Amino acid sequence: MDKLQIHGGTPLDGEVRISGAKNAALPIIAATLLAAEPVSVGNVPHLHDVTTMIELLAQMGVSITVDDKMRVEVDASTIHRYVAPYELVRTMRASIVVLGPLLARFGRADVSLPGGCAIGARPVNIHVAGLQAMGADIHIENGFIRARAERLRGARLVLETITVTGTENLLMAATLADGETVIENAAREPEVVDLANFLSALGAQIQGAGTDRIVVQGVEKLHGAHYDVVPDRIEAGTYLVAGAITGGRVRVKGAKAEHLDAVLAKLSEAGAQVTSGDTWIELDMRGRRPRAVDIRTAPYPAFPTDMQAQFAALNSVADGVSTVIETIFENRFMHMLEMRRLGADIRIEGSTAIIRGVPQLTAAPVMATDLRASASLVLAGLVAQGTTDVLRIYHIDRGYEAIEEKLGQLGARIKRTAG
Ligand code: EPU
């Protein structure tokens, strides 16, 4: 298995281009199932999860091709299997986003029920209840969600908890339903908005995406279009933290500052100078040690759970004591235990971590159980004294395109090795 070897201590300096957003690309590729005509999607990141989604559609019989610029062309008319098998769903929970489109367009879907996950229980009851309220007949059988419907009908759905992929599944299903669907307590994440923009480009009638009330007028069918995926705010945020933690200067190109308000506010509070334009953000922390900042994760526009681990790394070398509170997932602190192996002073009480910044981390082999946790260990490795090996980096390859190349461009001493 590959690992990343990081020789810590170099302040990063330079610019890096941000890829398309994983968590927008995945539902958008799934949503191509809704279109009656061929669709093409650009700015798709070259990631393991994206390959899994492409494989998932391909095994349904969908014609799907990817060119060398990661432009994905999809023609769903050749579909003949309406199944998301366990072998793929267990490697990527986001496979659940094919449920809504399959059911809405083809009237049937057999999607393996995702099991537990390294960061929390992550049930899908809200996806299922919403589709049932739209008239679907759904049973859980042999580990599968078996869903059937003649034509879904519009309904008023009040989501019990804010859920990103839940909102996306119901939004996609509503585009072809009979009549009006109102999704209350909808997720407001930029990835939900990007999906809505994509669906609108196909002819869907959607209002209110980006607010907590999305209204969809169902249409008979959706047509073809080309669409480019929004830049990845979490990737951008991760590189900015890399600049901050190393006391360097990093400019992320192709990023949207308006999607990162809560994150940029915390970076400024940590002492960084943050400037931005329409398509870039720059962070300057040269000559300074970051100050500890308190973090509390919550749905967008509040501070994202997907940036919690990276800020834990930053706080572990910051001046002062901070609390990091995780409110979205019940088990998203595994990286804290690994950071302790690098010398971080972290105490965990339930969903709160109390981090006392230390002047210096020291290298050790570390590994993580999920994507963002792995990224945070890479960040910690960038400042640890000595050579840190980050193991199990297949987690990172699920969500960060060419991370060692991009960090290398910024001056980090990092390499991928086998074993
Ligand atoms: N929840 C329920 N029932 C449901 C659905 C969700 O109780 O039916 C709960 C979850 O257990 C969790 C909370 O609602 O406590 C929020 O989870 P959500 O459904 O929003 O998460 P998700 O849609 O499964 C997406 C991202 C995650 C990101 C979260 C939160 C994708 C493909 N994944 O997951 O991204 O952390 O939203 O913002 O969009 C990552 O990229 O590393 C990642 C984990």
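The set of residues in segment 386-402 being within 15 Å of S376 (Cα to Cα) and either of a type outside the set (A, V, I, L, M, F, W, C) or within 14 Å of the ligand (Cβ to nearest atom) (or both) consists of T388, D389, R392, Y394, H395, I396, D397, R398, G399, Y400.
Report, by residue number, each residue of segment 278-297 that is within 16 Å of the ligand (Cβ to nearest atom) and either out of contact with any helix residue (DSSP H, G or I) (no Cβ under 8 Å at 6 or more places or on another chain) or charged (D, E, K, R) (or both). Walk me through how you get there before you give the answer.
We begin by selecting, within segment 278-297, every residue within 16 Å of the ligand (Cβ to nearest atom); these are 295-297.
The one that is within 16 Å of the ligand (Cβ to nearest atom) and either out of contact with any helix residue (DSSP H, G or I) (no Cβ under 8 Å at 6 or more places or on another chain) or charged (D, E, K, R) (or both): R296.
Looking at this structure, is A380 in contact with a Ser or Thr (Cβ under 9 Å, 6 or more places away or on another chain), open to solvent by 10 Å² or more (accessible area, probe 1.4 Å), under 22 Å from E404 (Cα atoms) and among the small types (G, A, S)? Here the answer is no, as A380 does not meet what is asked.
Would it be correct to say that D261 is open to solvent by 70 Å² or more (accessible area, probe 1.4 Å) and in contact with a Lys or Arg (Cβ under 9 Å, 6 or more places away or on another chain)?
Numbers: open to solvent by 70 Å² or more (accessible area, probe 1.4 Å): yes; in contact with a Lys or Arg (Cβ under 9 Å, 6 or more places away or on another chain): no.
No; evaluated as a whole, the condition is false for this residue.
Is it true that some residue in segment 385-394 is part of a loop (DSSP other than H, G, I, E, B) and either among the aliphatic types (A, V, I, L, M) or buried (at least 24 other Cβ atoms within 10 Å of the Cβ) (or both)? Walk me through how you get there before you give the answer.
First, the residues of segment 385-394 that are part of a loop (DSSP other than H, G, I, E, B): 386, 392-393.
Imposing the further condition that a residue be either among the aliphatic types (A, V, I, L, M) or buried (at least 24 other Cβ atoms within 10 Å of the Cβ) (or both) reduces the set to 393.
Yes; the residues of segment 385-394 include at least one that is part of a loop (DSSP other than H, G, I, E, B) and either among the aliphatic types (A, V, I, L, M) or buried (at least 24 other Cβ atoms within 10 Å of the Cβ) (or both).
Residue count for segment 147-169 satisfying the condition of being within 16 Å of the ligand (Cβ to nearest atom) and open to solvent by 20 Å² or more (accessible area, probe 1.4 Å): 7. All of (1) surrounded by fewer than 24 Cβ atoms within 10 Å (Cβ to Cβ); (2) over 20 Å from A373 (Cα atoms); (3) of a type outside the set (V, I, T) hold for M285 with one exception: (1). Inclusion of D370 among residues that are within 23 Å of the chain's Cα centre (by Cα), of a type in the set (D, E, K, R), open to solvent by less than 30 Å² (accessible area, probe 1.4 Å) and modelled with pLDDT under 95 is warranted. If you go through segment 358-377 one residue at a time, do you hit one that is away from the ligand (no atom under 16 Å from the Cβ), in contact with a Gly (Cβ under 9 Å, 6 or more places away or on another chain), of a type outside the set (G, A, S) and outside any loop (DSSP other than H, G, I, E, B)? Yes: one or more hits.
Going by what's in this entry, would A255 be described as crowded, with 22+ Cβ neighbours inside 10 Å, within 16 Å of the ligand (Cβ to nearest atom) and of a type in the set (G, A, S)? Lay out the reasoning, then the answer.
Numbers: crowded, with 22+ Cβ neighbours inside 10 Å: yes; within 16 Å of the ligand (Cβ to nearest atom): no; of a type in the set (G, A, S): yes.
Against the criterion (crowded, with 22+ Cβ neighbours inside 10 Å, within 16 Å of the ligand (Cβ to nearest atom) and of a type in the set (G, A, S)), A255 does not qualify.
Looking at segment 109-120, which of its residues are in contact (Cβ under 8 Å) with a residue 24 or more places away in the chain and either open to solvent by 10 Å² or more (accessible area, probe 1.4 Å) or within 9 Å of the ligand (Cβ to nearest atom) (or both)?
D110, L113, P114, G115, C117, A118, I119, G120
The values are calculated or read from the model by the stated rules, or taken from the named source; none is laboratory data. Computed from a prediction, not measured in an experiment: that's the story for all the values here. No Cβ is skipped: glycine too gets one built from the backbone with ideal geometry, and neighbour counts run over all protein chains shown. The area values use the complete protein model at the heavy-atom level, side chains included, leaving out ligands, DNA and RNA. Shrake-Rupley method; radii C 1.70, N 1.55, O 1.52, S 1.80 Å.
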